[in-house]
1. Checking the condition out of contact with any helix residue (DSSP H, G or I) (no Cβ under 9 Å at 6 or more places or on another chain), closer than 23 Å to Arg26 by Cβ and loosely packed, with under 12 Cβ neighbours inside 10 Å, which residue from Glu136, Glu64, Glu96 passes?
2. Among the candidates Glu102, Glu82, single out the residue that is touching a residue at least 40 places away in the same chain (Cβ under 8 Å), surrounded by fewer than 13 Cβ atoms within 10 Å (Cβ to Cβ) and either out of contact with any strand residue (DSSP E or B) (no Cβ under 8 Å at 6 or more places or on another chain) or of a type in the set (Val, Ile, Thr) (or both).
3. List, please: which pairs have Cβ atoms under 8 Å, are six or more places apart or on different chains, and start with a residue in the range 85-99 that is closer than 14 Å to Ile70 by Cβ and end with one that is charged (D, E, K, R)?
4. Identify, from the list Arg132, Arg126, the residue that is over 25 Å from Asn22 (Cβ atoms), modelled with pLDDT of 85 or more and not hydroxyl-bearing (Ser, Thr, Tyr).
5. Which of the strands (runs of 3 or more DSSP E) contained wholly in the range 3-61 include at least 3 residues that are without any contact (Cβ under 8 Å) to a residue 40 or more places away in the chain and either closer than 30 Å to Gln94 by Cα or outside the structural domain of Gln94 (by TED's automatic domain parsing) (or both)?
6. With the condition kept exactly as written, say whether any residue in the range 68-78 is charged (D, E, K, R), under 30 Å from Gln101 (Cβ atoms), loosely packed, with under 11 Cβ neighbours inside 10 Å and without any contact (Cβ under 8 Å) to a residue 12 or more places away in the chain.
7. Residue by residue through the range 100-137, note down the ones that are more than 25 Å from Asp55 (Cβ to Cβ) and assigned to a loop (DSSP other than H, G, I, E, B).
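The values are calculated or read from the model by the stated rules, or taken from the named source; none is laboratory data. This one's a predicted model, so the numbers in the text were calculated from it and none came from an experiment. As a convention, Cβ positions derive from the backbone with ideal geometry for all residues, glycine included, and neighbour counts pool all protein chains shown.
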Amino acid sequence: MRCPFCNSEETQVKDSRPTEENTAIRRRRSCAACGARFTTFERVQLRELTVVKKDGSRSPFEREKLERSITIATRKRPVDLEQINQMISGIVRQLESRGEQEVNSDTIGELVMEGLANIDSVAYVRFASVYREFREAKDFEEFIGELHGDVTSGSGSH
């Protein structure tokens, strides 16, 4: 494992233990060259997934990218890091267990929306605003109206 600080390949594992949800091995490492300490995670990967984006382009699935977008949506919200990690692991397991090598970005987005809806409604709306490309305030109003089951008739009468 290469040191993220000095790029030396002389690193040693000081401690290994499973994560709380037993989906990965957490390893504390030390660099022999610069003395820096860092943590790595080892996960089982059932298959290589390719994401098919809306424009038809393809790119390798990256758990870190999924983690980043969920972390942004949950920033400054009362959401535990463990909840986020469990949600991400669940999404990855669902994607890998489909048996298909390619997965549409829409499928990933819907799984994230479903997970966030169960964790935090504000994070859910934040993610939806990017995922569904809200352009103006009324897009938020309509989405939140759908959340609450409100039906707007547009007739102006109450």
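1. Just one listed residue meets the conditions, Glu64.
2. Criteria check complete, one pass: Glu82.
3. Final answer for the pair search is Asn85/Glu21; Gln86/Glu21; Ile88/Arg63; Ile88/Glu67; Ser89/Glu21; Val92/Arg63.
4. Arg126
5. 11-18, 24-31, 37-43
6. No; the residues of the range 68-78 include none that is charged (D, E, K, R), under 30 Å from Gln101 (Cβ atoms), loosely packed, with under 11 Cβ neighbours inside 10 Å and without any contact (Cβ under 8 Å) to a residue 12 or more places away in the chain.
7. Residue satisfying the conditions is Asp120 alone.
Residues are listed down the side, and each one gets a yes or a no for (1) over 30 Å from Thr11 (Cβ atoms); (2) hydrophobic (A, V, I, L, M, F, W, C):
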residue: Lys53; (1), (2): yes, no
residue: Glu64; (1), (2): no, no
residue: Ala73; (1), (2): yes, yes
residue: Met87; (1), (2): yes, yes
residue: Gln94; (1), (2): yes, no
residue: Asn104; (1), (2): yes, no
residue: Glu110; (1), (2): yes, no
residue: Tyr124; (1), (2): yes, no
residue: Arg132; (1), (2): yes, no
